[in-house]
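**Q** Can you read through this structure? Questions will come right after.
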């Protein structure tokens with residue numbers, strides 16, 4: 001490279017995805033890029049917020065049903081978790097399942113995953129830990145040493161609701177194709193009062209806003225962007241037709257922003273769609289998983305039917 005020539009951005013995949021989304025008629029950014037080390041930490045902070053009762057409600061269900069869920073894994077079998085993060089909720093199942101032989105946390109943030117795996121190996125020395133750094137919305141290759149183990153999938157936290165339904169079906173269908181897969185445990189946020197749903201994604205402390213805006217910070221650091229996050233406002237709204245919360249960054253004024261060697265124009269009030277969180281009913285869950293080769297075996301819910309942990313069985 002000649003002296004003075006600009007260096008390529010350190011994350012060409014991020015730049016590619018950002019340019020595709022930001023030059024579309026309706027601007028968007030893929031939510032998978034929210035989860036670098038800072039983004040993962042911000043999300044963990046969100047789960048402790050008073051407005052965000054999803055985690056507390058799901059955790060209560062997991063604790064109450066831990067024995068039943070752990071028994072889905074045969075002795076020596078493997079629990080494979082998508083979007084594992086800090087594996088906090090997973091510990092409930094690991095504690096209830098000393099018969100488990102292996103745990104496979106799959107997460108896109110490699111640094112965060114490495115820290116988690118180190119802690120798990122310390123706390124569960126009998127368990128074989130196989131971290132996989134990958135984008136779980138694409139087919140994930142499991143470690144070869146797990147080929148002969150029975151497997152159960154685990155996807156808590158209602159993250160399935162952040163995925164486009166077609167991507168969610170592909171993810172579940174890929175898991176259905178694992179050799180000797182026995183079950184899949186899926187966290188599902190249910191349709192409930194609109195005000196409560198919106199508040200869960202627009203907290204008073206602004207942690208969710210910082211989490212969503214972190215994608216602009218990443219674009220600056222990793223894709224030669226020149227975004228000023230202060231020129232964007234965070235907005236969360238309930239989309240009745242799609243049964244989802246939409247999370248957007250809205251340009252506060254007309255502006256043109258450089259991204260690598262491109263210029264991206266924004267009108268005042270123009271949004272970037274960053275993430276969505278779909279909410280389900282028992283009927284819509286059953287339809288979703290059926291398309292992926294599973295059937296809905298059980299829906300474990302809290303007393304107020306705010307959240308569900310669904311047990312899926314392979315369709316034969």
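**Q** State which residue is nearest to residue 37 (Cα to Cα) when the search covers only the stretch 114-130 and only residues that are in contact with a strand residue (DSSP E or B) (Cβ under 7 Å, 6 or more places away or on another chain) and at pLDDT 95 or above.
**A** If we take residues in the stretch 114-130 being in contact with a strand residue (DSSP E or B) (Cβ under 7 Å, 6 or more places away or on another chain) and at pLDDT 95 or above, then 120 is nearest to residue 37 (Cα to Cα).
**Q** Filter the stretch 282-305 for residues that are surrounded by fewer than 19 Cβ atoms within 10 Å (Cβ to Cβ) and over 14 Å from residue 183 (Cα atoms) and give the result.
**A** 282, 283, 284, 286, 287, 291, 300, 301, 302, 303, 304, 305, listed by residue number.
**Q** Taking the conditions exactly as written (part of a loop (DSSP other than H, G, I, E, B) and surrounded by 17 or more Cβ atoms within 10 Å (Cβ to Cβ)), does residue 189 satisfy them or not?
**A** So residue 189 fails the test.
**Q** Next question. Starting from the stretch 187-203, take each residue that is on the phi > 0 side of the Ramachandran plot and touching a residue at least 60 places away in the same chain (Cβ under 8 Å) and list its partners that are surrounded by 14 or more Cβ atoms within 10 Å (Cβ to Cβ) and not in a helix (DSSP H, G or I), counting only C-beta distances under 6 angstrom and pairs at least six apart or across chains.
**A** Once the first residue is on the phi > 0 side of the Ramachandran plot and touching a residue at least 60 places away in the same chain (Cβ under 8 Å) and sits in the stretch 187-203, no partner that is surrounded by 14 or more Cβ atoms within 10 Å (Cβ to Cβ) and not in a helix (DSSP H, G or I) comes close enough.
**Q** Which one of 111, 138 is modelled with pLDDT under 95, within 27 Å of residue 201 (Cβ to Cβ) and outside any helix (DSSP H, G or I)?
**A** So the residue among 111, 138 that is modelled with pLDDT under 95, within 27 Å of residue 201 (Cβ to Cβ) and outside any helix (DSSP H, G or I) is 138.
**Q** Looking at 168, 183, 200, can you tell me which residue is surrounded by 18 or more Cβ atoms within 10 Å (Cβ to Cβ) and either closer than 12 Å to residue 292 by Cβ or in contact with a helix residue (DSSP H, G or I) (Cβ under 6 Å, 6 or more places away or on another chain) (or both)?
**A** After ruling out the rest, the residue left standing is 168.
**Q** Quick one: which of 214, 220 is out of contact with any strand residue (DSSP E or B) (no Cβ under 8 Å at 6 or more places or on another chain), more than 30 Å from residue 53 (Cα to Cα) and at pLDDT 95 or above?
**A** Matching residue, one of 214, 220: 220.
**Q** Specify the residue that is surrounded by the fewest Cβ atoms within 10 Å (Cβ to Cβ); the eligible residues are those in the stretch 97-108 that are part of a strand (DSSP E or B) and touching a residue at least 40 places away in the same chain (Cβ under 8 Å).
**A** Checking each candidate, the answer is 102.
**Q** Hey, does the stretch 263-275 have a residue that's modelled with pLDDT of 95 or more, touching a helix residue (DSSP H, G or I) at 6+ places or on another chain (Cβ under 6 Å), over 22 Å from residue 37 (Cβ atoms) and in a strand (DSSP E or B)?
**A** The answer is yes, given that some residue of the stretch 263-275 is modelled with pLDDT of 95 or more, touching a helix residue (DSSP H, G or I) at 6+ places or on another chain (Cβ under 6 Å), over 22 Å from residue 37 (Cβ atoms) and in a strand (DSSP E or B).
**Q** Tell me whether the stretch 307-316 contains one or more residues that are at pLDDT below 95, in contact with a helix residue (DSSP H, G or I) (Cβ under 9 Å, 6 or more places away or on another chain) and closer than 18 Å to residue 185 by Cβ.
**A** Yes, the stretch 307-316 contains a residue that is at pLDDT below 95, in contact with a helix residue (DSSP H, G or I) (Cβ under 9 Å, 6 or more places away or on another chain) and closer than 18 Å to residue 185 by Cβ.
**Q** Out of everything in the stretch 203-225 that is farther than 15 Å from residue 247 by Cα and in contact with a helix residue (DSSP H, G or I) (Cβ under 7 Å, 6 or more places away or on another chain), what residue ends up being surrounded by the most Cβ atoms within 10 Å (Cβ to Cβ)?
**A** 219
**Q** Could you list, in sequence order, all residues of the stretch 276-298 that are touching a helix residue (DSSP H, G or I) at 6+ places or on another chain (Cβ under 8 Å) and free of Cβ contacts under 8 Å to residues at least 24 places away in the same chain?
**A** 295, 296 - these are the residues of the stretch 276-298 that are touching a helix residue (DSSP H, G or I) at 6+ places or on another chain (Cβ under 8 Å) and free of Cβ contacts under 8 Å to residues at least 24 places away in the same chain.
The values are calculated or read from the model by the stated rules, or taken from the named source; none is laboratory data. Since this is a predicted model, take the numbers as computed values, not measurements. Glycine also receives a Cβ, built like all others from the backbone with ideal geometry; neighbour counts cover every protein chain displayed.
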